[in-house]
Amino acid sequence: MTWTSVLKETDLPPGSRQVVKVEQQAILLLNDNGKIHAVSNVCPHLKLPLKSGKVTESGGLVCPFHRSEFDLTTGAPKCWTPFPPGVGKLMGMMSKEKPLPVFPVRLENGEILIETAG
């Protein structure tokens with residue numbers, strides 16, 4: 001595992017979010033009232049960006065396209081909104097519950113670092 005500096009801590013004030021690229025991967029950084037989360041910016045359901053998704057009071061991120069909610073700490077689906085049955089093989093595959101990839105975060109010398117497999 002590798003720790004990578006992705007942003008200065010001051011560049012991500014509380015309530016803000018920013019997408020960074022690490023190893024060809026788009027990672028969404030969210031500052032939820034001082035708690036910084038790093039998750040894939042790609043919804044595992046529709047493969048669309050999550051940057052504009054709503055952060056819930058219970059620590060979740062809601063996909064702006066299909067309304068499924070993911071836990072920001074674990075990536076586990078908190079509320080899954082599947083496609084209706086019988087909409088085709090591809091849509092059926094996309095309707096399976098999948099977790100959102102999350103990345104460990106640490107703060108060091110005013111920098112935000114995330115851990116990746118690289």
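Laid out as a table, the results:
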| item | result |
| --- | --- |
| Residue match in region 33-41 (condition: modelled with pLDDT of 95 or more and assigned to a loop (DSSP other than H, G, I, E, B)) | yes |
| Which numbered condition LEU46 misses (of (1) surrounded by fewer than 18 Cβ atoms within 10 Å (Cβ to Cβ); (2) under 13 Å from the mean Cα position of the chain (by Cα); (3) closer than 19 Å to ALA26 by Cα) | (2) |
| Strands (runs of 3 or more DSSP E) contained entirely in region 62-111, each with at least 1 residues that are modelled with pLDDT of 95 or more, within 30 Å of TRP3 (Cα to Cα) and touching a helix residue (DSSP H, G or I) at 6+ places or on another chain (Cβ under 8 Å) | 105-108 |
| Matching residues in region 1-43 - criterion: being farther than 19 Å from CYS63 by Cβ and among the polar types (S, T, N, Q) | THR2, THR4, SER5, THR10, SER16, GLN24, ASN31, ASN33 |
| Any chance VAL19 is within 15 Å of ILE114 (Cβ to Cβ), within 15 Å of the chain's Cα centre (by Cα) and surrounded by fewer than 17 Cβ atoms within 10 Å (Cβ to Cβ) | yes |
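The values are calculated or read from the model by the stated rules, or taken from the named source; none is laboratory data. Fair warning: this is a prediction, and the values are worked out from it, not measured in the lab. Neighbour counts are summed over all protein chains in view; Cβ atoms, including those assigned to glycine, are modelled from backbone coordinates with ideal geometry.
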